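Okay, structure first, notes after.
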Ligand SMILES: NC(=O)c1ccc[n+]([C@@H]2O[C@H](COP(=O)([O-])OP(=O)(O)OC[C@H]3O[C@@H](n4cnc5c(N)ncnc54)[C@H](O)[C@@H]3O)[C@@H](O)[C@H]2O)c1
C-alpha cells in the first residue's frame, strides 16, 4: 500500500497513552481513532492527538480509513479485538503477552495467516538500544556461536504492579513469567534461536496471588544444546530492571536497562580472557534524563512501529510476529507444567 497508514488504537490506559504518542511521531502513520470502554479516557487522548474517540472498539476496527489496529488492553481481551480487526482486513500490532491462553494466541495467528494480514507482537524491548546493539554484535559473528544466555527481569511489585488485573492470572494467563518474563523469553529466542525443552519452578515467595507467581525460574535448551536461564521477579527491591547476558564461543555481551548499557568482549580462543568494553549510549542518556523513562519507551515504540509500517507497505512479515508471541507463551506454559509435574517439558 502507499500513502499514510490509518491507525486505530484500542486502549487508552498507561501503555495506550505512550503508544498513541509514538504513533503521532512515527512517519507514515496517522492516528484516526482511539477506542476505550472509558470514553472520557479515549476522548482525553484523542483531543491531544487530533483524532476521533469512541467507546465501541468493534465499530472502530471496521472503519474504512483504518489500515492498522494496535491492541493495548488487558490480555484476555486481545484475541477478540485482534481477530475482529484481522477479519476486517486490518494489520494488527498486539501488546504482550499475545493472549491469556495458548488457544487464543493460536487463533490469532491462524486468523492473520488466513486473511493474509500482518500480526506483530509488541515485544518493544527488542528495540531498546542496548538490546539492538547486542543483537548486532551477535549477527555480525563477533562473539561467535551463542552458547548460553542468562536473562533477568524484575521489579518490586506493590505500587509497581500497575493496574489491578496484572496480578490476576485469569486475565493474564499467569504471573511474572507472562508479564515482565515474557520480554526476556522473547529476547532469549532473539539472541539464541528457538528453544526446544524447558524445565523450571514458579513460586509465590512474597505476594499471595492465587494464579500469578511472583518469581519464575526457567532453564531452556535448544535443539543443538545451547542453554538459557531465565528469572522473572516481582520481588526485586531495586526497582524495574532487566538484563541479558549472552556468552558465545568468541566473546560475550551483556545488555541491560536501566541504565541503558552494554558491556562486551571478544577473545581469540576459549580459555583466554576477553578485553572488556562498555557502551553507555551517551546521546540516549542525555535524552532520557531530559524527558524521563517515558521517552525511552516511546522511542522503542516508534522504532517498532516504523518497522511494522515498512512491513505493511512491502507486505513482508515483521519479527517479532504473532508466531513469536505464541512461542514465548509456549515457553511460559512449559515452565508452568514443569513446575507442577517436576519434569522437563517439550516447548
Ligand atoms: N510493552 C510493554 O513493555 C508493556 C508494559 C506494560 C503493559 N503492557 C501491556 O499493554 C497492555 C495494556 O496495559 P496497560 O498497562 O496500558 O493497562 P491499563 O489497564 O492501564 O489500560 C488498559 C485499557 O484498556 C481499556 N479497556 C478495557 N476493556 C476494554 C474494552 N472492552 N474496550 C475498550 N477498551 C477497554 C481500559 O479502560 C484501559 O484504559 C497489556 O497487554 C499489558 O500487558 C506492555
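The values are calculated or read from the model by the stated rules, or taken from the named source; none is laboratory data. Everything numeric here is computed off the predicted structure, so don't read it as measured data. All Cβ positions, glycine included, derive from the backbone under ideal geometry; neighbour counts span all protein chains shown.
Observations on the model:
- Residue 187 being within 16 Å of the ligand (Cβ to nearest atom), modelled with pLDDT of 95 or more and in contact with a strand residue (DSSP E or B) (Cβ under 6 Å, 6 or more places away or on another chain): yes
- Residue among 173, 181, 122 that alone is within 13 Å of the ligand (Cβ to nearest atom), within 17 Å of the chain's Cα centre (by Cα) and at positive phi: 173
- The residue list 138, 182 contains one member that is in contact with a helix residue (DSSP H, G or I) (Cβ under 8 Å, 6 or more places away or on another chain), assigned to a helix (DSSP H, G or I) and under 23 Å from residue 91 (Cβ atoms), which is 182.
- Qualifying residue in region 131-138 (condition: closer than 26 Å to residue 222 by Cβ and either within 16 Å of the ligand (Cβ to nearest atom) or in the same structural domain as residue 77 (by TED's automatic domain parsing) (or both)): yes
- Odd one out for residue 156, checked against (1) away from the ligand (no atom under 13 Å from the Cβ); (2) assigned by TED's automatic domain parsing to the domain that holds residue 259; (3) touching a strand residue (DSSP E or B) at 6+ places or on another chain (Cβ under 7 Å); (4) not in a strand (DSSP E or B): (3)
- Which listed residue, of 70, 54, 34, is under 21 Å from residue 173 (Cβ atoms) and at pLDDT 95 or above: 70
- Lone unmet requirement of (1) surrounded by fewer than 17 Cβ atoms within 10 Å (Cβ to Cβ); (2) over 22 Å from residue 174 (Cβ atoms); (3) without any contact (Cβ under 8 Å) to a residue 40 or more places away in the chain for residue 249: (3)
Listed here are the residues, each with its yes/no results for (1) farther than 22 Å from residue 303 by Cβ; (2) in contact with a strand residue (DSSP E or B) (Cβ under 7 Å, 6 or more places away or on another chain).
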site	(1), (2)
6	no, yes
9	no, yes
30	no, yes
39	yes, yes
45	no, yes
49	no, yes
52	yes, yes
65	yes, yes
75	yes, no
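- Residue that is nearest to the ligand (Cβ to nearest atom), among those in region 96-106 that are surrounded by fewer than 18 Cβ atoms within 10 Å (Cβ to Cβ) and in contact (Cβ under 8 Å) with a residue 24 or more places away in the chain: 101
- Test: residue 267 is within 20 Å of the chain's Cα centre (by Cα), surrounded by 14 or more Cβ atoms within 10 Å (Cβ to Cβ) and outside the structural domain of residue 17 (by TED's automatic domain parsing): no
- Any hit, region 35-51, residues being surrounded by fewer than 17 Cβ atoms within 10 Å (Cβ to Cβ) and within 16 Å of residue 309 (Cα to Cα): no
- For region 53-74, taking the residues that are over 17 Å from residue 111 (Cβ atoms) and in contact with a helix residue (DSSP H, G or I) (Cβ under 6 Å, 6 or more places away or on another chain), the one that is surrounded by the most Cβ atoms within 10 Å (Cβ to Cβ) is identified as 72.
- Just one of the listed residues (263, 310, 288, 269) is farther than 27 Å from residue 15 by Cβ and not in a strand (DSSP E or B), and it is 269.
- From the list 290, 262, 274, the lone residue that is over 30 Å from residue 75 (Cα atoms) and exposed (fewer than 14 other Cβ atoms within 10 Å of the Cβ) is 290.
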